[in-house]
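Colleague: Shown below is the structure under consideration.
The values are calculated or read from the model by the stated rules, or taken from the named source; none is laboratory data. Fair warning: this is a prediction, and the values are worked out from it, not measured in the lab. Backbone-built Cβ (ideal geometry, glycine too); neighbour counts: all protein chains shown. Please note that ligands, DNA and RNA were not included when accessible areas were found on the heavy atoms of the full protein model with its side chains. Shrake-Rupley method; radii C 1.70, N 1.55, O 1.52, S 1.80 Å.
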Amino acid sequence: MEIKNNLETVRNKISGACRKCSRNPDEVKLVAVSKFHPDTSVIKAIECGQLLFGENRVQEAKEKFTAVREKYPQARLHIIGSLQRNKVKDAVKICECIESADRIELLDEIEKQCAKIEKKIDILFELHTGEESKSGFADVDSIKEALELFKQGKYPHINPAGFMTMAPFTEDKDLIRKSFVTLRECRDKLKKEYTQFDLNELSMGMSHDFEIAIEEGATLVRIGTSIFGQRNYN
Ligand SMILES: *Cc1c(COP(=O)(O)O)cnc(C)c1O
């Protein structure tokens, strides 16, 4: 019951935030972040119509979503956490999108593993915009280097679908907003330069800041705590 109510509340808040800035709510997809929560919670969310999920650890996601998909093969999964190279093989098998593509070496490995299983997946370029951990491409130019490789045809099994960022953990709304604006400007600039690629998605905003992210153009919001409750890290 709680997950159902929480999902409704979050969906209403997403619609409300869209209305406030005259955006169509259909432009904003909800990624329900189920990390640290069991498959039974994921299934509850699916039964309330939520099909898109986010997980940050491959091993955990693999076990959970193997179980979930026996019952609900239509569930979709985005990997949102920083990825070690040796986890890519499992990651590409279980997900539709890797949102945390943060270095060229990782793209090389994603291509290699996708080619082996003849699967094409989406990635988002993660841009570092101020979060404490240093994950993400450092700047627009380093993403351009990666896009040049796409242009040369180096990654036929990868669709560069857009961009992702994590705002700094702060109460300072201006700092949070600045981080989202930086991501949107990066998207607008690179989309103009690389018209042959999608590059549309802007994955930004979590439980405490998704309304700001929607005002700044988010097309994907990644929400965990507000749907599934606090995570128990023990
Ligand atoms: C955990 C996580 C989220 C969800 O955070 P909440 O504050 O629980 O909504 C979003 N994005 C990433 C990358 C995460 O690791």
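Colleague: So how many residues does the stretch 19-37 have that are closer than 30 Å to residue 64 by Cα and either within 9 Å of the ligand (Cβ to nearest atom) or in a loop (DSSP other than H, G, I, E, B) (or both)?
Modeller: As a first pass, look at the stretch 19-37 and keep what is closer than 30 Å to residue 64 by Cα: 25-37.
Still in the list and also either within 9 Å of the ligand (Cβ to nearest atom) or in a loop (DSSP other than H, G, I, E, B) (or both): 28, 31, 33-37.
So the answer is 7.
Colleague: Still on this structure, I have one more. Restricting to the stretch 192-224, count the residues that are away from the ligand (no atom under 15 Å from the Cβ), of a type in the set (A, V, I, L, M, F, W, C) and under 16 Å from the mean Cα position of the chain (by Cα).
Modeller: Here is the first cut: in the stretch 192-224, the residues away from the ligand (no atom under 15 Å from the Cβ) are 192-200, 215-217.
Those left that are additionally of a type in the set (A, V, I, L, M, F, W, C): 197, 199.
Cutting the leftovers down to under 16 Å from the mean Cα position of the chain (by Cα) gives us 199.
So the count comes out to 1.
Colleague: Kindly provide the set of residues from the stretch 40-50 that are among the small types (Gly, Ala, Ser) and away from the ligand (no atom under 16 Å from the Cβ), ordered by number.
Modeller: Passing the criteria: only 49.
Colleague: Taking the stretch 123-146 only, how many residues are more than 16 Å from the ligand (Cβ to nearest atom) and either touching a residue at least 40 places away in the same chain (Cβ under 8 Å) or under 17 Å from the mean Cα position of the chain (by Cα) (or both)?
Modeller: Let us first name the residues in the stretch 123-146 that are more than 16 Å from the ligand (Cβ to nearest atom), namely 138-146.
When the remaining residues are screened for being either touching a residue at least 40 places away in the same chain (Cβ under 8 Å) or under 17 Å from the mean Cα position of the chain (by Cα) (or both), the result is 140, 143-146.
Qualifying residue count for the region: 5.
Each row is one residue, and each column tells you yes or no for (1) among the hydroxyl-bearing types (Ser, Thr, Tyr); (2) farther than 30 Å from residue 118 by Cα.
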residue: 134; (1), (2): no, yes
residue: 137; (1), (2): no, no
residue: 162; (1), (2): no, no
residue: 178; (1), (2): no, yes
residue: 182; (1), (2): yes, yes
residue: 188; (1), (2): no, yes
residue: 195; (1), (2): yes, no
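Colleague: So which helices (runs of 4 or more DSSP H) stay within the stretch 140-225 end to end and still have 1 or more residues that are in contact with an Asp or Glu (Cβ under 8 Å, 6 or more places away or on another chain) and closer than 30 Å to residue 2 by Cβ? Can you show your working first?
Modeller: Working: elements: 140-151, 173-193, 210-215.
In the stretch 140-225, 173-193 are the helices (runs of 4 or more DSSP H) which contain 1 or more residues that are in contact with an Asp or Glu (Cβ under 8 Å, 6 or more places away or on another chain) and closer than 30 Å to residue 2 by Cβ.
Colleague: Hey, another quick one. Any residue at all in the stretch 51-70 that's in contact (Cβ under 8 Å) with a residue 60 or more places away in the chain and within 16 Å of the ligand (Cβ to nearest atom)?
Modeller: Applying the first criterion (in contact (Cβ under 8 Å) with a residue 60 or more places away in the chain) to the stretch 51-70 yields 54.
Imposing the further condition that a residue be within 16 Å of the ligand (Cβ to nearest atom) reduces the set to 54.
Within the stretch 51-70, one or more residues are in contact (Cβ under 8 Å) with a residue 60 or more places away in the chain and within 16 Å of the ligand (Cβ to nearest atom).
Colleague: Give all pairs with beta carbons closer than 7 Å in which a residue from the stretch 75-101 that is within 14 Å of residue 136 (Cα to Cα) and open to solvent by 70 Å² or more (accessible area, probe 1.4 Å) meets a residue that is assigned to a strand (DSSP E or B) and within 12 Å of the ligand (Cβ to nearest atom); count only pairs at least 6 apart in sequence or on separate chains.
Modeller: Short answer, once both residue conditions are applied: 82/100.
Colleague: Does residue 123 satisfy the condition of being outside any helix (DSSP H, G or I), out of contact with any Gly (no Cβ under 7 Å at 6 or more places or on another chain) and closer than 28 Å to residue 51 by Cβ?
Modeller: On the way: outside any helix (DSSP H, G or I): yes; out of contact with any Gly (no Cβ under 7 Å at 6 or more places or on another chain): yes; closer than 28 Å to residue 51 by Cβ: yes.
For residue 123, the condition - outside any helix (DSSP H, G or I), out of contact with any Gly (no Cβ under 7 Å at 6 or more places or on another chain) and closer than 28 Å to residue 51 by Cβ - is met.
Colleague: Could you give every pair whose Cβ atoms fall below 8 Å, whose first residue belongs to the stretch 31-50 and is surrounded by 17 or more Cβ atoms within 10 Å (Cβ to Cβ) and among the small types (Gly, Ala, Ser), and whose second residue is at pLDDT 95 or above and part of a loop (DSSP other than H, G, I, E, B), counting only separations of at least 6 or pairs across chains?
Modeller: Pairs that qualify, where the first residue is surrounded by 17 or more Cβ atoms within 10 Å (Cβ to Cβ) and among the small types (Gly, Ala, Ser) and the partner is at pLDDT 95 or above and part of a loop (DSSP other than H, G, I, E, B), are 32/50; 32/224; 34/224; 41/34; 45/34.
Colleague: Now for a different question. Residue check, residue 167 against (1) within 13 Å of the ligand (Cβ to nearest atom); (2) in contact (Cβ under 8 Å) with a residue 24 or more places away in the chain; (3) open to solvent by 70 Å² or more (accessible area, probe 1.4 Å); (4) not acidic (Asp, Glu), all met but one. Which one?
Modeller: With respect to (1) within 13 Å of the ligand (Cβ to nearest atom); (2) in contact (Cβ under 8 Å) with a residue 24 or more places away in the chain; (3) open to solvent by 70 Å² or more (accessible area, probe 1.4 Å); (4) not acidic (Asp, Glu), residue 167 is out only on (3).
Colleague: Is it the case that residue 114 is within 16 Å of the ligand (Cβ to nearest atom) and not aromatic (Phe, Trp, Tyr)?
Modeller: Details: within 16 Å of the ligand (Cβ to nearest atom): no; not aromatic (Phe, Trp, Tyr): yes.
Answer is no for this residue.
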